[in-house]
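The values are calculated or read from the model by the stated rules, or taken from the named source; none is laboratory data. What you see is a predicted model; the values in this text were computed from it and never measured. Positions of Cβ are backbone-derived with ideal geometry, glycine not excepted, and every protein chain shown enters the neighbour counts.
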Amino acid sequence: MTAKRRRELDQRDRRKTLHRRDRSQGSPAGRLAFSTLEPRTLLATVTWDGGGGDFLWNNTLNWSGDVFPGSSDDAVIPDLSGTPTITTTGTVSVVSLTSAESLVIGAGTFSIAAASTIDRNLGLAGGAELGGAGTLSVSGLTNWADGRMSGTGVTNALGGITIDVSFLGRELDGRTLNVSGNSTLTGDSYFRFTNGAQFNQLAGVFDIQGDLDFENSSPGGTVERLTIASGATLRKSSGTGLSTFAQSAPVQSQLDGSLELQSGQLQLYGTASGSLQVSAGTQLRLGSYALSATSSVSGAGTVSLNSGTVTVSGTYNITGGTNVGAFVVFDGTVLSIGPSLFIGSGSVDFSSGETINVTTLTLGSNSNDLTGSDTVNVSGVTSWLGGRMS
């Protein structure tokens, strides 16, 4: 063997030795590299197939794959024969719901995280709770017979809503409820606003049928509000007693549309830029209220301006009588305050540029004040029991 051949063999042997050493020591040159990825959750669409033979959400046989939708799934209920109603119980949590059929949350909770739709009706019964951060749009009627709505999401009741508050009340907790049809509220219990809840009547009539109250259970921290949009109407059509938006603390009302007080008494706090009609035999009570220059208050009923500061910058034409227990400024157009003016406490500033004509004037025994630049003509008896005129 020549010297050259011997050197080639020696070099080959050294390369084999180095290769074996690299593999035994796990050097980067001799192994494959792997990296660990974070866990991934795969979103799934679970579709109703009706394999269970009933219309119960919680029957797994009714869903594709025989597993009902979970918190990582989009649930789909297609258009079914006979337009049935799907009923849920227990705890249900989904990413979204797209349903061509009606849904009743019969008990437990139903939570959605993303935009969802129901093409027909929605019902809440049996202490049910609709929650989550998603927006649920219901094309048909929403029947809120029991339970509550919660979460940071939105409910769009496009086909109107009925709310039964005859037993234990109803609660809107943090959620926004937008109603494009009529809202009908029946019963004599309470409707509770909590944690910044907003009820927006975008069209139609918000009809109070009974002497139910509206309660703010989280005063001081957030603003709970009923908004009657321009073109919509707030109405009390039945009940002979008082319905108040301040059972425990004021719920603000923003009246951009109209008010029709047809029965009983109604206490409001907030603002108004539309028309307020007070029928004969009824009483409208306003506390800490601002009536803008575009507003009008009229009718044969009575008005009690009973707390805080009330400004009347629009047209005021009440023929039934006006009672004052607040700090009131009339700086709009005053056509009539009725035959009697009673100032029980607080003050009245007439600075409308009008002449105020009344039959009787009473300044009660509490601290009160009749002031302003307007002339007040009293054709009958003036009873000055306390306070001052300035």
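When Thr319, Thr282 are screened for being within 25 Å of Val358 (Cα to Cα), among the polar types (S, T, N, Q), surrounded by fewer than 19 Cβ atoms within 10 Å (Cβ to Cβ) and over 22 Å from the mean Cα position of the chain (by Cα), only Thr319 passes. Examine segment 266-287 for a residue that is farther than 26 Å from Gly210 by Cα, touching a residue at least 24 places away in the same chain (Cβ under 8 Å) and aliphatic (A, V, I, L, M), and state whether such a residue exists. No, every residue in segment 266-287 fails to be farther than 26 Å from Gly210 by Cα, touching a residue at least 24 places away in the same chain (Cβ under 8 Å) and aliphatic (A, V, I, L, M).
Selection within segment 288-304: residues that are assigned to a loop (DSSP other than H, G, I, E, B) and hydrophobic (A, V, I, L, M, F, W, C). The member of this set that is nearest to the chain's Cα centre (by Cα) is Ala293. Of all residues assigned to segment 137-153, none qualifies as being at pLDDT below 95, part of a strand (DSSP E or B) and not hydrophobic (A, V, I, L, M, F, W, C). One residue stands out in segment 43-56 among those that are without any contact (Cβ under 8 Å) to a residue 40 or more places away in the chain and outside any strand (DSSP E or B): the one that is surrounded by the fewest Cβ atoms within 10 Å (Cβ to Cβ), namely Gly53. Filtered by the rule that a residue be buried (at least 18 other Cβ atoms within 10 Å of the Cβ), of a type outside the set (Ser, Thr, Tyr) and modelled with pLDDT of 95 or more, segment 295-316 gives Val297, Gly299, Gly301, Val303, Leu305, Val310, Val312, Gly314.
In this structure, Thr359 does not qualify as touching a Phe, Trp or Tyr at 6+ places or on another chain (Cβ under 9 Å) and surrounded by fewer than 17 Cβ atoms within 10 Å (Cβ to Cβ).
In a residue-by-residue description of segment 241-250, the property of being crowded, with 23+ Cβ neighbours inside 10 Å, free of Cβ contacts under 8 Å to residues at least 60 places away in the same chain and farther than 18 Å from Glu215 by Cβ applies to no position.
Of all the listed residues (Leu361, Leu335), the sole one being in contact with a Leu (Cβ under 6 Å, 6 or more places away or on another chain) and among the aliphatic types (A, V, I, L, M) is Leu361. Residues of segment 94-107 include at least one that is in a strand (DSSP E or B), free of Cβ contacts under 8 Å to residues at least 40 places away in the same chain and over 19 Å from Ala157 (Cβ atoms). Screening segment 216-239 for residues that are at pLDDT below 95 and crowded, with 23+ Cβ neighbours inside 10 Å and picking the one that is nearest to Arg192 (Cα to Cα) gives Asn216.
Applying the condition of being in a strand (DSSP E or B) and aliphatic (A, V, I, L, M) to segment 246-279 and asking which residue is nearest to the chain's Cα centre (by Cα) yields Leu255.
Would you pick out the residues in segment 334-371 that are part of a loop (DSSP other than H, G, I, E, B), at pLDDT below 95 and over 18 Å from Val297 (Cβ atoms)? Of everything in segment 334-371, those that are part of a loop (DSSP other than H, G, I, E, B), at pLDDT below 95 and over 18 Å from Val297 (Cβ atoms) turn out to be Gly344, Ser345, Gly364, Ser365, Asn366, Ser367. In the set (1) in contact with a Leu (Cβ under 6 Å, 6 or more places away or on another chain); (2) of a type in the set (A, V, I, L, M); (3) part of a loop (DSSP other than H, G, I, E, B), Ala75 fails one condition alone, (3). Of all residues in segment 122-136, which are assigned to a loop (DSSP other than H, G, I, E, B) and either on the phi < 0 side of the Ramachandran plot or free of Cβ contacts under 8 Å to residues at least 12 places away in the same chain (or both)? Ala125, Ala128, Ala133, Gly134, listed by residue number. Scanning segment 322-329 for residues that are crowded, with 21+ Cβ neighbours inside 10 Å, in contact with a Leu (Cβ under 9 Å, 6 or more places away or on another chain), aliphatic (A, V, I, L, M) and assigned to a loop (DSSP other than H, G, I, E, B) turns up at least one hit. Taking Asp207 as the residue in question, decide whether it is of a type outside the set (Gly, Ala, Ser), outside any strand (DSSP E or B) and under 23 Å from Thr142 (Cα atoms). Against the criterion (of a type outside the set (Gly, Ala, Ser), outside any strand (DSSP E or B) and under 23 Å from Thr142 (Cα atoms)), Asp207 does not qualify.
Check off (1) closer than 24 Å to Gly147 by Cα; (2) touching a helix residue (DSSP H, G or I) at 6+ places or on another chain (Cβ under 9 Å) for Gly51 and give me the number that stays unchecked. (1) is the only condition that Gly51 fails. With respect to the conditions (1) buried (at least 20 other Cβ atoms within 10 Å of the Cβ); (2) over 10 Å from the mean Cα position of the chain (by Cα); (3) under 25 Å from Asp119 (Cα atoms); (4) touching a residue at least 24 places away in the same chain (Cβ under 8 Å), Val165 lacks only one, and its number is (3). So which residues in segment 226-245 are more than 13 Å from Asn182 (Cα to Cα) and under 16 Å from the mean Cα position of the chain (by Cα)? Leu226, Thr227, Phe245 - these are the residues of segment 226-245 that are more than 13 Å from Asn182 (Cα to Cα) and under 16 Å from the mean Cα position of the chain (by Cα).
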